[in-house]
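These notes are about the structure you will find just below.
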Amino acid sequence: DETSNNLNQPGEPESWRRFFTFSTDHKVIGIQYIVTAFFFFLVGGIFAMVIRGELITPEADLVDRTVYNAMFTLHGTVMLFLWTFPVLSGLANYLVPLMIGARDMAFPRLNAVAFWMVPIFGVVLMGSFLAPGGPSQAGWWAYPPVSLQNPSGALINGQFLWLLAVALSGVSSIMGAVNIVTTIVRMRAPGMTFFRMPIFVW
């Protein structure tokens with residue numbers, strides 16, 4: 001019937017445009033996570049190509065040392081915080097409610113906020129290219145003393161923006177984790193015991 005063919009939640013926009021809106025549908029949010037993660041996967045891949053291009057010859061003939069260190073740092077950061085975590089969150093958002101028989105995630109609005117923090121901290125991280133002294137050059141682990149160096153002397157520098165982006169990533173991940181765990185513990189279908197759950201949910 002007509003209602004079963006309509007995948008939109010009541011009050012949400014029709015068609016593909018809903019994937020660019022503040023949606024609370026767990027499937028839409030899951031796809032938003034995955035598409036955003038793949039975009040940043042390509043960005044991280046470009047950084048990797050610059051790194052490999054520089055390593056073809058012993059001389060620094062493609063980019064200078066600061067740009068190389070920035071590419072090295074941002075490649076690791078993007079692949080971890082903007083690819084691995086978001087794509088896993090996207091799969092969890094899309095699949096977990098379906099696998100346990102829940103109608104949606106436990107906290108749909110919190111779920112949407114957790115997703116929309118991903119493009120925000122992605123923009124903050126990429127915006128560090130415009131900071132005085134350029135982006136962070138301390139590696140994606142940001143160990144001192146390298147991460148404490150501030151040649152530009154500016155308060156808002158690339159390392160500060162890197163730290164802000166990673167902190168926002170942590171907040172987003174905690175929001176998503178609370179949502180997923182609450183959904184699994186409290187919203188399983190009748191008869192769906194912990195030992196009947198699919199291994200993906202575990």
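The values are calculated or read from the model by the stated rules, or taken from the named source; none is laboratory data. What you see is a predicted model, and the numbers here were worked out from it, not measured in a lab. Quick reminder, even Gly has a Cβ in these numbers, built from the backbone with ideal geometry, and neighbours come from all protein chains shown. Each accessible area value is taken on the protein alone, full model and side chains, heavy atoms only, with ligands, DNA and RNA left out. Shrake-Rupley method; radii C 1.70, N 1.55, O 1.52, S 1.80 Å.
Points to keep in mind about this one:
- Rg to Rh, two decimals, where region 81-166 supplies the alpha carbon set and Rh follows Kirkwood: 1.15
- When shorter helices are ignored and each DSSP H run of at least 4 residues is given -39500 (n - 2.57), the per-residue value for the chain at 222 nm works out to -19000 deg cm²/dmol.
- Two-site FRET efficiency, residue 59 against residue 80, from Cβ-Cβ distance with R₀ of 35 Å, rounded to 0.05: 0.70
- Between residue 155 and residue 16, the simple spin-label model (points 7 angstrom out along Cα→Cβ) gives 4.5 nm.
- Per residue, the accessible area of region 51-117 comes to 52 Å², computed with a 1.4 Å probe over protein heavy atoms only.
- Restricting region 128-195 to chymotrypsin sites (Phe, Trp or Tyr not before Pro) that sit in a DSSP loop and have at most 14 other Cβ atoms within 10 Å of their own Cβ leaves 141.
- Column: log10 I(q)/I(0), Debye, Cα scatterers of the chain, q = 0.10, 0.16 Å⁻¹: -0.52, -1.00
- Viscosity 1.567 mPa s, temperature 4 °C, Stokes-Einstein D of region 30-96 from Kirkwood C-alpha radius, µm²/s: 102 µm²/s
- Inter-label distance for residue 130 and residue 52, nm, one decimal - labels placed 7 Å from Cα along Cα-to-Cβ: 3.1 nm
- Local charge for residue 90 was computed over the other residues whose Cβ lies under 14 Å away, with Lys and Arg +1 and Asp and Glu -1, and equals 0.
- Packing order of peptides 77-84, 143-150, highest average first: 77-84, 143-150 (average count of other Cβ atoms within 10 Å over each peptide's residues).
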